Each structure stands twice: as structure tokens, then as C-alpha cells.
């Protein structure tokens, strides 16, 4: 009864930090669709005017997490804080690894002073304090600990496996490489993942805001299919109907290619991949049981942005012939 009362009292104002990129775009969109009043805090608001297309959404300036006055204003009078500062695909707003703990310490302090009562924070599957602090997953675990300890707040930590979708850092890179040549090299190819569509993740994320059963929880978020990164690359190749050789890339070569950036002859690997995908990202937690809906199939999701329009029409024909659900059409 008390939990129900707390949910009813929860307001509608949301501040989002670290939300300028791949994950944030979908989360802010879902928050807007759900009727929340959203403010996205970034260093350069003029770069993110596209967020203003979402209803009830503002983009405001936070010059630095070091600016105590600005940070205090960003969380004052706010009902819900969404912390996406661990997202490595936030573009120019991405928080450097060396600054991540300090940023989250300051955010935690500001939220406690302002009396924020609901916090949702992005982590990743495999993040654990058992990992060395110098390891990315160990660093993320430290952030989880800070957020989980926000005084007088109901906190939910979301630990997704690999998030996929157009402009992601895995399947989109595989697509780009396959469009260049019939050779696809995969870094950390034996890492196990359970890919989940970023849109499904965002829907689940927002649905948890007023769900008391998620308060105080660290929730694994993963798709239904468990596979290696090499198998994911082969699935992309199959969907694209390409004939190519897919094989592992050693860490030394992957590191060199990631440092070359846009000059690299191989574009299937990035620094973010090497950082985040060193350890398996799998779970036995069932997505549908946790969130009440089935995650989208990998084939459907990837085909939307991997397959040319004329080929998508053929895909839809074959799906109809096979009696597949209309939602599987792309």
C-alpha cells in the first residue's frame, strides 16, 4: 500500500544526463511518448535540436559536472533522474573513462541534496566489482554502487547485453565492412552476447519508472538468442545475403584498427567494442517475464537497416508465405 502511494505521488519531471547518443535518443523518445516532461542536459544544446521534435522535451546547458550551481539547478524540482553517463555512444558528450567516477559522485551528491526520489541508471551485463577497477566492467560496477546508494531514492540499475539498432557499434560496423569487401574480421569473436534492440530496451526502461517491483533492483536486460560475436556477424552476413569470410581478429590487430579510426582498412572494430565486450554478456533472466512483452527478433531488427528496400520487399513476401506475424514485416 505504501509503495502504491509513493508511485501515485511521483511527479512527471525528468532530467536526463548522458542521453545525447544511441541509447539516450531512444530513451528520451519513449519518455516523451509516455507523457513525461523531459530535460536533456548537455554541454552544447545547439547540437541536439533534433530532440526538440519530441513533445514535452527540452534541451538545456550543463557546461560541466564540476559546476555545482548548474548541476544543482539541473536536479532541483525534478522527480526522476535518468543517468546514462556510461553510454559510450553519446558522441562529443561521451564522458571520458577517467572522469566517470567523479562525474557520478557529483551527480549523486547533487541528487541527494535536491531530494530526488527516483533514479534509473544505465549499466551493462557483466559489470561486477569482482573485475579490476581498471577494467571497464569494474568501472561500471563502481558507478552502479554510487547510484544504488543514493540516499532516500528508489533506484533501478539496468544491465543490458549488447544493444543493437541502426547506428549501433556492432551490427552497423559489420554491415559497413561487408559493404566494403567480402571479408569480415570480428574482434573478441568468442564473447557471448544476447543482443537486444535498443528500442525494446528503452520501452522496458521507461515502463519500469512507476513499477514498484523494480525499486532497489539491478535488472538484467537481454534478448532471447545467445550467441558469440562471430555468430552475430554471420547472422548479419546472412540477412544481407552476402557471401563473405568471417573470422576472428586478434586483439593486437583490433587495437591498431580501432586507433586508426576512419583511416582503418577494417571498420568492423572500434575502441568501444574492445572496451565493453571483453567479457560475456549473458543472463538467465527472461525479458518477457520481467517486462511483459516479447523482445523483437534479431532478424526483424537487423533487416530494417541492413537490407536494401527492394530486398526487404522480398523478405516480407517470404514471411507472409511462411505465415509469420504481421509485426515481423519490415
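Full-extension gain between residue 58 and residue 286, please, as 0.36 nm times their residue separation minus the C-alpha to C-alpha distance.
78.6 nm
What share of the DSSP beta bridges in the chain is antiparallel, in percent to the nearest 5?
Restricted to the chain, the bridges split so that about 5 percent are antiparallel.
Helix 100-114 against the longest principal axis of the chain: what's the angle in degrees, Cα atoms only, rounded to the nearest 10?
The two axes meet at around 40 degrees.
Measuring from label point to label point, each 7 Å out along Cα→Cβ, what is the residue 49 to residue 217 span in nm?
In this crude label model, residue 49 to residue 217 measures out at 4.1 nm.
Compute the acute angle (0 to 90°) between the alpha-carbon long axis of helix 251-260 and the principal axis of greatest extent of the alpha-carbon atoms of the chain; round to the nearest 10°.
70
Where does helix 22-33 land angle-wise versus the long Cα axis of the chain, in degrees 0 to 90, nearest 10?
In the chain, helix 22-33 runs at an angle near 60 degrees to the longest axis.
How would you rank 293-299, 155-161, highest first, on the average number of other Cβ atoms within 10 Å across their residues?
Peptide ranking by packing, descending: 155-161, 293-299.
How much mean residue ellipticity at 222 nm does the chain get from its helices, if each DSSP H run of length 4 or more adds -39500 (n - 2.57) and you divide by all residues, to the nearest 500 deg cm²/dmol?
Rounded to the nearest 500, it is -11500 deg cm²/dmol.
For the chain, calculate the relative contact order in percent as a whole number, restricting contacts to Cα pairs under 8 Å that are 6 or more residues apart.
16
Arranged by the count of other C-beta atoms within 10 angstrom, fewest first, what order do 207, 63, 123 take?
The fewest-first ordering by Cβ neighbours comes to 63, 207, 123.
I'm spelling it out carefully: the read-out is percent of Cα pairs over 28 Å apart, the candidates are (i) 48; (ii) 37; (iii) 42, and one was derived from this structure. Which label?
Identified label for the calculated read-out: (iii).
On a full-extension model of 0.36 nm per residue, what is the gain between residue 67 and residue 113, subtracting their alpha-carbon distance, rounded to one decimal in nm?
Additional length available on full extension: 15.1 nm.
Any read-out appearing in this document is the output of simple, stated calculations on the displayed coordinates, not a laboratory observation. Computed from a prediction, not measured in an experiment: that's the story for all the values here. Counting neighbours? That spans all protein chains shown, and the Cβs are built from the backbone with ideal geometry, glycine included.
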